Amino acid sequence: MGVVAQAGAALPPRSGVLAQQSTEMPSIQYAAVAPLMIVLGAACIGVLVEAFAPAGRRWPVQVGISLLAVLLAGVFLGVHAQGINTGATTLAETLAVGPATLFLWGTLLALSFGAILLIADRSIEPGGAFVAETNSVPEARAPGATPVDAPGAASSAVMERAAGAVGMRTEVFPLTLFSLGGMMVFCAANDLLTMFVALEVLSLPLYLLCGLARRRRLLSQEAAVKYFLLGAFASAFFLYGLALLYGYAGSVQLSEISAATAGSLRSDTLLFAGLGLVVMGLLFKGSVGPFHLWTPDVYHGAPTSVTGFMAACTKVAAFGGLLRLLHVAFEASSWEWHWVLWTVAVLSMVIGVVLGLTQQDVKRMIAYSSIAHAGFLMVGSITLTDRGLAATLFYLLAYGFTTLAVFGVVSLVRTSEGEATNLSDWAGLAKRSPLVAGVFTFLLLALAGIPATSGFMGKFAVFSAAFSAGMAPLVVIALLASALAAYLYIRLIVLMFFHDPDPNGPTVSVPGAFTTAAVTLGVVMTLLLGVVPMLALDWASVGGFVS
């Protein structure tokens, strides 16, 4: 005991500073992060429901929790946004919540509400569009029949028995909420390490969701594997770039990196190598060409409701993170990387338009359309002005609602083997269902940028902001690409209205309440943002990012 006492007495006393640091808790502004906490808390509750609730009661509980969480988060966001002008940093300065971040959060919540409605629908596909088991259901397979998990496999009766045997999989709801929470953190991250963690949180649930399609199981699983492998490479690029930027600036905080780029005498090799790798990871998530290789296969193979969620929300998160990175951390060095991203924007537009013209599948065509739209978004992203930022935020909102409604309509056109996504299956659709064809035509015209739609206002805002910033050559290229991209949509419209339907062709399913609500939400917002866009544009123009 004496030896122990002497050893304890020999220890130096802890200084007051160290003692204070060990007990001091970081300040948390709960009002600022309440929407994020609600979404992630609901996701955790959803996991508990999966573990303890009876199987027959999980679906209504999970749907209620998910929709209520998104609505409640939106209410808290609206209340907090009323009095915010300068923004605030919280959670030990890992999150920065300002006007631009709140706009991105509001966009994500609104789009995810529609996506959850599509995911929850059980009327179009009996039992829902998702299944968890990797093997087909023995009870649902007749002797000698094709396995249920084969691409395009089985008759309608066999598939319906499979749906009844397996039931609606409800783990998709907490996975969706976890991915949404990761997207929200990604847009608000104040340092690269937090941004990387958020990137993984938003990505891992999506990898799983892509492989859970009930029909065409092998195609769905192939899409999930491709997305996972290419996503792992993108994450590795992002993490390596993070390490190089830390070596350059001595910090992963965006404000510290900005200060280093503005007044550092260090070599720029680490700076531009790190910036290139980090941006590469973000461009992959945003489906920007030439980092787009995963997009057509994943959009085609994933369940259509998940495709809608990815196409709308993931693009908002990816460009939200890119905008934050360029405006907060690398604005001072923009003259050195500006031309590189010019080239990326042009390549994305050209790849999306040219390869989109060769597609014979509706979902793959929309995938290449999204690559072209990513090029248009890049035009706004590299316009480092307040006007350019507001225009890009508005474009993300407008494109998200239109795309979500497009995939909702795609899920309605079906054969006995599932969704009819081949272009030839859509011939004469207007004679089978004039309402569905009319709605789809309006949405396609919005993607083409026809006046009186949100697509026109989004492109006009982005192109005019870029033109005023002195990027007239890039705007001209974007206008030409937009004109050529219109053919992608017009040829499908002509096919629907001016061709005769196949007597044995697909039918149009009667949508349930959830799909009807999601498509209606997308169509109404597409119209409103095209006719009265100033409300959204004014909110987007309130302020920028904080750090």
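The values are calculated or read from the model by the stated rules, or taken from the named source; none is laboratory data. The shown structure was predicted, so the numbers you read here are calculated from the model rather than taken from an experiment. Methodologically, a virtual Cβ is constructed for each residue, glycine included, from the backbone with ideal geometry; neighbour enumeration extends over all protein chains shown.
What to note about this one:
- Test: residue in the range 80-97 that is assigned to a helix (DSSP H, G or I) and under 24 Å from A390 (Cα atoms): yes
- Residue list for the range 402-447, restricted to those being over 26 Å from L219 (Cβ atoms) and surrounded by 24 or more Cβ atoms within 10 Å (Cβ to Cβ): A446
- Annotation note: Cβ proximity below 9 Å between a residue of the range 100-111 that is more than 14 Å from V39 (Cβ to Cβ) and a residue that is of a type in the set (K, R) (sequence gap 6+ or interchain) occurs for A100/R324; T101/R324.
- Residue match in the range 26-37 (condition: modelled with pLDDT under 85 and touching a helix residue (DSSP H, G or I) at 6+ places or on another chain (Cβ under 6 Å)): yes
- Within the range 237-250, being free of Cβ contacts under 8 Å to residues at least 24 places away in the same chain and either farther than 18 Å from E331 by Cβ or among the polar types (S, T, N, Q) (or both) holds for one residue alone: G250.
- From the list L202, L193, L175, L180, the lone residue that is farther than 17 Å from T314 by Cα, out of contact with any strand residue (DSSP E or B) (no Cβ under 6 Å at 6 or more places or on another chain), at pLDDT 90 or above and of a type in the set (A, V, I, L, M) is L193.
- Here L479 passes the criteria (1) closer than 27 Å to A120 by Cβ; (2) out of contact with any Leu (no Cβ under 7 Å at 6 or more places or on another chain); (3) assigned to a helix (DSSP H, G or I); (4) not acidic (D, E) except the one numbered (1).
- Enumerated helices (runs of 4 or more DSSP H) restricted to the range 256-364, each holding at least 3 residues that are more than 24 Å from G182 (Cβ to Cβ): 269-285, 334-356
- Residues (closer than 30 Å to A329 by Cβ and not in a loop (DSSP other than H, G, I, E, B)) located in the range 530-547: A536, L537, D538, W539, A540
- Residues located in the range 488-547, provided they are closer than 11 Å to A427 by Cα, among the aliphatic types (A, V, I, L, M) and surrounded by fewer than 16 Cβ atoms within 10 Å (Cβ to Cβ): V494
- Of all residues in the range 290-349, those satisfying the criterion of being of a type in the set (F, W, Y) and either closer than 30 Å to F130 by Cβ or at pLDDT 90 or above (or both) are F291, W294, Y299, F309, F319, W342.
- Being more than 20 Å from the chain's Cα centre (by Cα) and crowded, with 21+ Cβ neighbours inside 10 Å is a description that does not apply to L242.
- Among the residues making up the range 45-80, those that are surrounded by fewer than 14 Cβ atoms within 10 Å (Cβ to Cβ) and not aliphatic (A, V, I, L, M) are F52, P54, G56, R57, P60, G64, G78.
So that you can scan it fast, the table gives a plain yes or no per residue for (1) over 30 Å from R215 (Cβ atoms); (2) in contact (Cβ under 8 Å) with a residue 24 or more places away in the chain; (3) crowded, with 24+ Cβ neighbours inside 10 Å:
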residue	(1), (2), (3)
L282	yes, yes, yes
G289	no, yes, yes
A329	yes, yes, yes
H338	yes, yes, no
G352	no, yes, yes
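- Test for G263: is it small (G, A, S), modelled with pLDDT of 90 or more, more than 27 Å from T421 (Cα to Cα) and out of contact with any His (no Cβ under 8 Å at 6 or more places or on another chain): no
- Of the residues making up the range 382-401, those that are surrounded by fewer than 24 Cβ atoms within 10 Å (Cβ to Cβ) and either among the basic types (K, R) or part of a helix (DSSP H, G or I) (or both) are D386, R387.
- The criterion of being assigned to a strand (DSSP E or B) and on the phi < 0 side of the Ramachandran plot holds for R414.
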